[in-house]
Amino acid sequence: MLHQPRLAHHNLRFYIVLITLVIGGIFIFLLMNSDGDSSLSSAVVGTMENAGLENEDTFDPEGFFSTSEEQKELMVDEEQDMFEEALDINQVEFTLNFNQIPIIEKEARIEEMSLRFEDLTTNININNDKLELNNLKDVNLKIKGLVGEINLNEYGASVTGTARRIEVNDIALSSLGEIKLSFENLNYKYLEIDEIELQDLELEDGEGEFKVGDKLTYNLENEKVQIHYFNGQIAINREDGTNLDLNGIAKGVGVSGNILDMDLR
């Protein structure tokens, strides 16, 4: 009985030493990991903040999960922005030589359009008067400052609109104001448009050559071509068969046929 207090005293000293060692070990661990945000305390605080914890006693499950959904929506928006930026950047200069004529129906503003033809049966109306082309074998019609509707197909060309200047075989028909112009299905031999903007330009199965700058040359063999956006020049020669030349900028090109099936956007 006389030795019990001394035993209790030794036990108390043992626990004090043990607690001191544990606290000292934690302190040394924190000192070793105290560089920047890698400390244990920073990691704990960061985790609590990310989870919506303001202190040890509060936790909002609804806030945590709603934040997670917002992060997902943000990721989707960022991917959409990157996709749109890629479309804006992904413009390629190209040339296409093909033996098919596209169907074009468009309200357009064109700086210059030229046609060469021998068809004198088609009525060409200028300011509600018929353009007389008697005794002319070959006609070169040049239209400048054209604003209106343009239709192109395998049968011919149609135009309804106004022009700033019209030339017939280098003879100018100018006016102080706008010149009204219209003709339908003019059977031309050669047509050229200096610049036009088109959406979803489709060409039926045909033969030709497609070039993208100096990087790619592809021979088209019985293949269909679709250009999702085009801005550039069009030239069609129908004197000896059919020959189409496109030269400009494209955003997205599709080629489909027996050999290749691709869609680049």
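Within region 219-236, being closer than 18 Å to Asp205 by Cα and not acidic (Asp, Glu) holds for Asn219, Leu220, Asn222, Lys224, Val225, Gln226, Ile227, His228, Ile236. Residue check: Gly156 meets all listed conditions (1) loosely packed, with under 13 Cβ neighbours inside 10 Å; (2) on the phi > 0 side of the Ramachandran plot but one, namely (1). Of all residues in region 135-160, those satisfying the criterion of being outside any strand (DSSP E or B) and within 22 Å of Arg238 (Cα to Cα) are Leu136, Lys137, Asp138, Glu154, Tyr155. Does region 247-259 contain any residue that is among the hydroxyl-bearing types (Ser, Thr, Tyr) and at pLDDT 90 or above? No, the conditions are met nowhere in region 247-259.
Listed by position, the strands (runs of 3 or more DSSP E) enclosed by region 161-265 that each have at least 3 residues that are hydrophobic (A, V, I, L, M, F, W, C) and over 28 Å from Leu131 (Cα atoms) are 188-212, 216-237, 243-250.
Residue count for region 169-183, restricted to those that are over 24 Å from Ile101 (Cβ atoms) and buried (at least 17 other Cβ atoms within 10 Å of the Cβ): 1.
Restricting attention to region 221-237, the residues being more than 26 Å from Tyr188 (Cα to Cα) and among the aliphatic types (A, V, I, L, M) number 0. If a residue has to be hydrophobic (A, V, I, L, M, F, W, C), surrounded by fewer than 16 Cβ atoms within 10 Å (Cβ to Cβ) and either more than 16 Å from Asn187 (Cβ to Cβ) or not assigned by TED's automatic domain parsing to the domain that holds Glu111 (or both) to count, how many in region 123-153 make the cut? The total comes to 1.
The values are calculated or read from the model by the stated rules, or taken from the named source; none is laboratory data. No experiment lies behind these values; they were computed from the predicted model shown. Because the Cβ atoms are built from the backbone with ideal geometry, glycine has one as well, and the counts that use them run over all protein chains shown.
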